[in-house]
Amino acid sequence: MTSAWLVCGVDEAGRGPLAGAVFAAAVILDERRPIVGLADSKKLSEKKREKLAEEIRLHALAWAIGRAEVEEIDRINILQASLLAMKRAVEGLAVAPDKALIDGLHCPALSMPAEAIVKGDASVVQISAASILAKTARDAEMIEFHRVYPQYGFDRHKGYGTAEHLAALKRHGASPIHRLSFAPVKGLIASRY
């Protein structure tokens, strides 16, 4: 291994929600510019995530966001869509990594070696950084969708199946950004016809 050996961390955000795209991020950190406080995005406050996301975008050697749309999730399933978003994120990097470290059990098909690491977002700083970028990018889009579809409360639950969201789904039906293949949405549509 040379000193130029580049590792990217990859993670996704939004596998569980009933609405919106699934996002992924790939990050190659710059060893000369360490970022303090990187951790699993789910363990950080929204304010801390936003601050760290800004630092990552400023100081990382390279970063990219990938996504798979609702139609793709419904067509190929959420696992395959998550892997597709991850592949798109890695392929979007301005600098090609020598290896990819992927959070979870599965690796997308990539042109470089990849290793899946369970709970990698809590133990590998590159994956932590990717987890933060993916989550903040997805949350920002769901807040934008709240402006288009305010009746669902996307600004609060970000598309997850909360009691508030399920009640809004019953009242208003599915929006164009709802995942029709997900059981709560599918069941609701079936019960309406």
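Tabulated data
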quantity: Unmet criterion (only one of (1) in contact (Cβ under 8 Å) with a residue 60 or more places away in the chain; (2) surrounded by fewer than 16 Cβ atoms within 10 Å (Cβ to Cβ); (3) among the charged types (D, E, K, R)) for ASP103; calculated: (2)
quantity: Test: residue in the stretch 53-69 that is in a loop (DSSP other than H, G, I, E, B), in contact (Cβ under 8 Å) with a residue 12 or more places away in the chain and of a type in the set (A, V, I, L, M); calculated: yes
quantity: Boolean, PRO17 is out of contact with any strand residue (DSSP E or B) (no Cβ under 7 Å at 6 or more places or on another chain) and either among the hydroxyl-bearing types (Ser, Thr, Tyr) or under 28 Å from THR162 (Cβ atoms) (or both); calculated: yes
quantity: Qualifying residue in the stretch 47-60 (condition: of a type outside the set (S, T, N, Q), under 24 Å from MET112 (Cα atoms) and surrounded by fewer than 18 Cβ atoms within 10 Å (Cβ to Cβ)); calculated: yes
quantity: Single match in LYS87, LYS47, LYS42, LYS135 (criterion: more than 29 Å from LYS186 (Cβ to Cβ) and assigned to a helix (DSSP H, G or I)); calculated: LYS47
quantity: Members of the stretch 170-193 that are buried (at least 17 other Cβ atoms within 10 Å of the Cβ) and within 23 Å of the chain's Cα centre (by Cα); calculated: ALA174, SER175, ILE177, HIS178, ARG179, PHE182, VAL185
quantity: Residue that is at pLDDT below 95 and of a type outside the set (Gly, Ala, Ser), where the choices are ASP121, ASP139; calculated: ASP121
quantity: Within the stretch 148-192, considering residues that are hydroxyl-bearing (Ser, Thr, Tyr) and either in contact with a helix residue (DSSP H, G or I) (Cβ under 7 Å, 6 or more places away or on another chain) or without any contact (Cβ under 8 Å) to a residue 40 or more places away in the chain (or both), the one nearest to GLN80 (Cα to Cα); calculated: SER181
quantity: Options SER111, SER123; residue that is more than 23 Å from SER41 (Cβ to Cβ), out of contact with any Lys or Arg (no Cβ under 8 Å at 6 or more places or on another chain), free of Cβ contacts under 8 Å to residues at least 24 places away in the same chain and surrounded by fewer than 19 Cβ atoms within 10 Å (Cβ to Cβ); calculated: SER111
quantity: Residue in the stretch 24-32 that is within 22 Å of ASP74 (Cβ to Cβ) and of a type outside the set (Lys, Arg) present; calculated: yes
quantity: Among the candidates GLN80, GLN126, residue that is modelled with pLDDT of 95 or more, part of a helix (DSSP H, G or I) and farther than 25 Å from ALA19 by Cβ; calculated: GLN126
quantity: Residue check for PRO17: of a type outside the set (A, V, I, L, M, F, W, C), under 12 Å from ALA130 (Cβ atoms), at pLDDT 95 or above and out of contact with any Ser or Thr (no Cβ under 9 Å at 6 or more places or on another chain); calculated: no
quantity: Top-ranked residue of the stretch 138-157 - restricted to ones that are touching a His at 6+ places or on another chain (Cβ under 9 Å) and not aliphatic (A, V, I, L, M), ranked as surrounded by the fewest Cβ atoms within 10 Å (Cβ to Cβ); calculated: GLN151
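The values are calculated or read from the model by the stated rules, or taken from the named source; none is laboratory data. In this text the structure is predicted, and so the values were computed from the model without any measurement. A quick note on method: Cβ atoms are made from the backbone with ideal geometry, for glycine too, and the neighbour counts reach across all protein chains shown.
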